[in-house]
Amino acid sequence: MNRKPTLAVVGATGAVGSVMLQILSQHADIWGEIRLVASPRSAGRKLAVRGEEVEVLALSEDVFEGVDVVMFDVPDEVAAQWAPIAASRGVVVVDNSAAFRMDPDVPLVVPEVNPHAARVRPRGIVANPNCTTLSMIVALGALHAEFGLRELVVSSYQAVSGAGRDGVETLRRQLRLVADSDLGTGPGDLRRAVGDDTGPFPEPVALNVVPWVGSVRDDGWSSEEMKVRDESRKILGLPDLKVAVTCVRVPVVTTHSLTVHARFEGEVTVARAREILATAPGVVLFDDPAAGEFPTPADAVGTDPTWVGRLRRALDDPAALELFVCGDNLRKGAALNTVQIAELVAGEFPGA
Ligand SMILES: NC(=O)c1ccc[n+]([C@@H]2O[C@H](COP(=O)([O-])OP(=O)(O)OC[C@H]3O[C@@H](n4cnc5c(N)ncnc54)[C@H](OP(=O)(O)O)[C@@H]3O)[C@@H](O)[C@H]2O)c1
């Protein structure tokens with residue numbers, strides 16, 4: 001083949017899919033045809049990509065005809081059913097759902113950390129990590145390559161868009177209700193102001209902090225916390241990495257933040273860590289508290305890199321660093337990393 005590869009985007013109408021179309025329009029144009037696919041509900045809609053209006057097709061086996069690479073941005077159960085069908089037709093699948101991430105025959109790839117893994121794909125599928133893991137792993141991968149990571153203690157501050165369009169609409173609705181209420185400081189006042197409809201969250205998220213993300217797992221852990229541990233281990237190739245993690249939802253629209261305590265094989269210096277982070281691809285070091293410089297979601301939203309600040313050596317452990325990271329959960333946390341993997345794979349095609 002000496003033509004540009006054909007790309008399909010399944011889930012092109014969704015929250016992540018829409019960001020993907022923006023990114024494809026901004027990146028170097030390595031693709032031939034870009035085919036847009038969603039559910040039958042969206043068939044016939046037109047969406048803009050690379051400055052052209054492209055008609056959305058309903059998902060069926062036929063849409064994979066002549067496609068070289070497909071990105072799936074659909075619910076887990078849709079990906080679980082359709083990704084193997086695409087792969088069986090010789091299409092390389094890059095899947096953004098949780099359906100295949102922990103399958104030993106499916107590589108879990110972050111191009112800045114383990115790009116080599118994308119070449120070995122026994123099922124023809126490459127998985128994209130979850131957004132919370134992705135928001136910290138580029139910076140941690142760079143530090144691990146130099147210092148050798150041994151242990152992580154992490155707390156997340158996760159944006160509502162991680163719960164899709166429903167999450168964003170819920171926060172907006174609750175903020176309006178709170179603004180229009182005479183909110184007091186008594187027990188139950190916030191609950192009364194926002195009403196019973198908490199959307200995809202177990203508690204009010206406006207003006208609140210909710211220490212729960214995902215579904216219930218064994219022994220009090222949440223599914224999101226298990227993903228952070230299991231996916232970090234797989235991406236870094238550290239099956240015994242110790243990970244303690246608490247995932248928390250906060251009233252931020254887009255951009256996940258994390259505090260990270262990272263313990264390494266031996267003594268580390270902040271000076272060397274700063275050099276590594278300042279030059280690592282995909283990382284911005286924004287760290288001068290005396291000058292008021294530390295990352296917040298307001299800085300990171302709409303941008304590609306992982307923003308790192310508050311870098312300190314642990315007070316009681318010369319082998320550990322403390323840091324604060326922010327990453328746009330819809331860009332690097334979802335759409336951008338998936339596009340980067342697809343671009344890596346496209347490099348295997350001579351016409352790209
Ligand atoms: N939001 C995040 O921060 C985030 C981060 C990382 C990973 N993810 C993952 O990315 C995936 C998409 O998430 P999202 O937030 O973009 O969801 P979303 O906004 O609800 O969009 C879902 C997309 O899937 C399509 N779809 C649903 N059912 C389908 C079916 N039966 N056949 C074909 N297409 C179907 C929808 O098409 P219609 O418009 O036609 O219904 C839509 O394009 C999920 O697996 C999610 O877990 C999300």
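The values are calculated or read from the model by the stated rules, or taken from the named source; none is laboratory data. Remember, predicted model here, so these are calculated numbers, not experimental data. Don't worry about glycine lacking a Cβ; one is built from the backbone with ideal geometry, like all the others, and counts go over all protein chains shown. Accessible surface areas use protein heavy atoms only, side chains included; no ligands, DNA or RNA. Shrake-Rupley method; radii C 1.70, N 1.55, O 1.52, S 1.80 Å.
Observations on the structure shown:
- Förster radius 56 Å - calculated FRET efficiency between ARG217 and GLU52 (Cβ-Cβ, nearest 0.05): 0.80
- Note on the chain: dipole from Cβ charges, positive end direction compared against ILE30, GLN81, SER135; the farthest Cα belongs to ILE30.
- Using Cβ point charges alone (K and R +1, D and E -1), the dipole size of region 295-336 about the Cα centre works out to roughly 60 debye.
- Rounded accessible area per residue of region 1-80, 1.4 Å, Å²: 45
- Mean separation of Cα contacts under 8 Å, 6 or more apart, over the residue count of region 95-197: relative contact order %: 18
- Distance-filtered residues of region 210-244 - backbone nitrogen under 15 Å, label point 7 angstrom along ASP317 Cα→Cβ: 241-244
- Estimated FRET transfer efficiency when R0 is 41 angstrom, pair SER88-ASP189 (beta carbons, to 0.05): 0.15
- Max mean-square fluctuation residue, GNM over the chain, Cα-Cα springs under 10 Å, options GLY14, GLY220, GLY124: GLY220
- Solvent-accessible area per residue for region 206-352 (1.4 angstrom probe, square angstrom): 43
- Cα-centred dipole magnitude for region 74-143, charges only on beta-carbon of K, R (+1) and D, E (-1), debye, nearest 20: 220
- Within straight-line reach of LYS4, meaning a Cα separation under 26 Å, sit the following lysines at least 8 residues removed in sequence or on another chain: LYS46, LYS332.
- Of all accessible heavy-atom area on region 179-236, the percent that carbon and sulfur account for (1.4 Å): 48
- Length-normalised contact order of region 10-137 in % [C-alpha pairs under 8 Å, at least 6 apart]: 18
- Distance-filtered residues of region 82-107 - backbone nitrogen under 19 Å, label point 7 angstrom along ASP304 Cα→Cβ: none
- Measuring nothing but how far apart in sequence close Cα pairs (under 8 Å, 6+ apart) lie, relative to its length, region 125-267 scores a relative contact order of 45 percent.
- Gaussian network model of the chain, Cα within-10 Å springs - most flexible of ASP317, ASP328, ASP299: ASP317
- Projected over every direction and averaged, the convex hull enclosing the alpha-carbon atoms of region 196-257 yields 5.3 nm².
- On the principal axes of its alpha-carbon atoms, the chain has extents of 59, 53, 42 Å, going from largest to smallest.
- In a DSSP loop and with at most 14 other Cβ atoms within 10 Å, the GluC sites (Glu not before Pro) in region 1-108 are GLU33, GLU65.
- Prolate/oblate/rounded call for region 176-293, Cα gyration tensor, a/c under 1.5 rounded: oblate
- Once the Cβ-Cβ distance of ARG172 and ASP196 is raised to the sixth power relative to R0 = 22 Å, the FRET efficiency obtained is 0.80.
- With at most 16 other Cβ atoms within 10 Å, longest stretch of the chain clear of loop chymotrypsin sites (Phe, Trp or Tyr not before Pro) (DSSP): 1-211
- Spacing of the modelled spin labels on GLU61 and VAL253, each 7 Å from Cα toward Cβ, amounts to 4.3 nm.
- GNM top mover of ALA142, ALA163, ALA193 - the chain, alpha-carbon springs below 10 Å: ALA193
- For the chain, the dipole from Cβ point charges (+1 on Lys and Arg, -1 on Asp and Glu) about the Cα centre works out to 200 debye, to the nearest 20.
- Anisotropy class of region 110-249 from Cα gyration tensor, a/c 1.5 cut: prolate
- Shape call, region 146-229: gyration tensor on alpha carbons, a/c limit 1.5: prolate
- Among GLN174, HIS144, PHE100 the positive-end extreme of the charge dipole of region 45-176 (Cβ point charges): GLN174
- Neighbours of THR303, meaning other residues whose beta-carbon lies under 14 angstrom from its beta-carbon, give a summed charge of -1 when Lys and Arg score +1 and Asp and Glu score -1.
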